[in-house]
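The values are calculated or read from the model by the stated rules, or taken from the named source; none is laboratory data. What you are looking at is a predicted structure, and each value in this text was computed from that prediction instead of being measured. For neighbour counting, all protein chains shown are included, and Cβ atoms are generated from backbone atoms with ideal geometry for every residue, glycine included. Note: accessible area is taken over every heavy atom of the protein model, side chains too, but ligands, DNA and RNA are not part of it. Shrake-Rupley method; radii C 1.70, N 1.55, O 1.52, S 1.80 Å.
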Amino acid sequence: MNSNNNEVYDYFNRPLRDLRISVTDKCNFRCTYCMPAEIFGPDYPFLKKSQLLSYEEIERLTKVFVHSLGVQKIRITGGEPLMRKDLPQLIEKINKIKGVEDIAMTTNGSLLPKFATSLKSAGLKRVSISLDSLQDEVFGKINGRDVSVKTVLDGIDAAEQAGLKVKINMVVKRGMNEQEILPMAKYFKDKGHILRFIEFMDVGNTNKWNLKDVYSKKEIIQDIHEVMPLEAIDPNYTGEVATRYRYKGSNEEIGVISSVSDAFCSTCNRARLSANGMLYTCLFSSKGHDLREPIRSDATDEQLTDLVEKIWFKRKDRYSLDRSESSTTRKKIEMSHIGG
Ligand code: SF4
């Protein structure tokens, strides 16, 4: 195994650094590009409580990833992570793990007014909050539940007041909300929150993805630059998913996550753990590796370490770099099952 100092490297010599932990496959939104309501209806077979990893099991696995496999950053995802009961308790457990440098969470923001303070005091550092428009009508259609823009803006305010660092994620899809790019950019420019635009991705198999609906990074930057000139800035670290830009003459910045038009697989150091304990080595994986069964069969930390090391060592994922007509239609795990 090519590992040293508890670091593990895959086939393309990419280290394992980030672990994204989905704590539930449930969500109170039905965003059309992630969890369309017509598929994820009342009869959808969501995971049962008994199938979910307990917080103790997640804590144990996180310790193995951090202490023995080089993971430094943890991101909590879902579905909507705040749909899982007592989430601050899990954050507290993870925050106590020596070696965890950063704990972030991806959320739709709607439940933050209730939980922001307890999440912060439990040790959460940052939140990425999804908002795809400032127009109720447009946003209501996208989130599939007519949730108002104000609901999410209240979540953003609650996070800020609790002292959490806030980033805003906006998924852009042609014909859905490209006209919202400039209003969103203007609105968040002076709010001090980094707004990140995300290209519409062929995640899972339910969002009717089509390349013609992708509004590319080039188009997004052009739309903004024509009105508010931008300049490119260097990444904060190797493996950062967003390309960074700054408004000329200011420190305010935006980011673009361009999985389709400018893939970033060459530095991808992310693994994903689903709420039922499956390890996925790519957002567009077709299959995962079961870690719940070994845990519940009393595997030792060494055995778990060895298992994950073998999985990562063989990892050749670079879906976005190799995306082709055929790959976009193959069976893939749903994003709501493993988090973005
Ligand atoms: S497509 Fe897969 S390998 Fe590429 S950046 Fe995304 S998660 Fe990483």
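A few comments on the model shown:
- Residue among M105, V138, W312 farthest towards the positive dipole end of the stretch 4-338, charges placed on Cβ: W312
- For L230, residues with placed amide H under 5 Å, excluding near neighbours: K248
- In this structure, the amide hydrogen of I194, modeled 1.01 Å from its nitrogen in the peptide plane, lies closer than 5 angstrom to those of I168, counting only residues at least 5 positions away or on a different chain.
- Pairwise Cα inverse-distance average, inverted: Kirkwood Rh of the chain (Å): 20.4
- Ignoring the sites themselves, the chain has its longest run without GluC sites (Glu not before Pro) in a DSSP loop having at most 12 other Cβ atoms within 10 Å at 102-225.
- 16 Å Cα-Cα reach of K217 towards lysines, excluding residues that sit fewer than 8 places from it in its own chain: K173
- Take every Cα pair under 8 Å whose residues are at least 6 apart in sequence, average their separation, divide by the length of the stretch 6-112, and the relative contact order is 37 percent.
- Of K165/K287; K26/K125; K63/K125, those spanning more than 25 Å from alpha-carbon to alpha-carbon: K165/K287
- Note on surface exposure: R84, R296 rank R296, R84 by accessible area, highest first, 1.4 Å probe.
- Dipole magnitude for the chain: computed about the Cα centre from +1 point charges on Lys and Arg Cβ and -1 point charges on Asp and Glu Cβ, it is near 340 debye.
- Percent carbon-and-sulfur accessible area, the chain, ignoring ligands, DNA and RNA, probe 1.4 Å: 49
- Magnitude of the charge dipole, the stretch 202-332, Cβ model with Lys/Arg +1 and Asp/Glu -1, debye to 20: 520
- On the basis of the beta-carbon distance and an R0 of 41 Å, I233 and K49 show a calculated FRET efficiency of 0.35.
- Cα gyration tensor shape of the stretch 1-128, rounded if a/c is under 1.5, else prolate or oblate by comparing a/b with b/c: prolate
- Two-site FRET efficiency, D102 against E38, from Cβ-Cβ distance with R₀ of 41 Å, rounded to 0.05: 0.65
- Modelled label reach - N251, point 7 Å along Cα→Cβ, the stretch 220-243 residues with backbone N closer than 20 Å: 229-237
- Theoretical FRET efficiency, 1/(1+(r/R0)^6), r = Cβ-Cβ of D290 and F313, R0 22 Å, to 0.05: 0.80
- Site pair D157 and K218 shows an inter-label distance of 4.1 nm when each label is modelled 7 Å from Cα along Cα→Cβ.
- V214 long-range amide H proximity, modeled H, under 5 Å: R174
- DSSP beta bridge pairing in the chain, given as percent antiparallel to the nearest 5: 35
- Per-peptide packing, taken as the mean over residues of other Cβ atoms within 10 Å, places 39-45, 29-35 in the sequence 29-35, 39-45 from highest down.
- 3J(HN,Hα) along the stretch 134-144, derived from phi through the Karplus expression 6.51 cos²θ - 1.76 cosθ + 1.60 where θ = phi - 60°, amounts to 9, 9, 3, 5, 5, 5, x, 6, 5, 7, x Hz, with x in place of Gly and Pro.
- Accessible surface computed residue by residue for the stretch 22-72, with neighbouring protein chains in place and a 1.4 Å probe, gives 44 Å² per residue.
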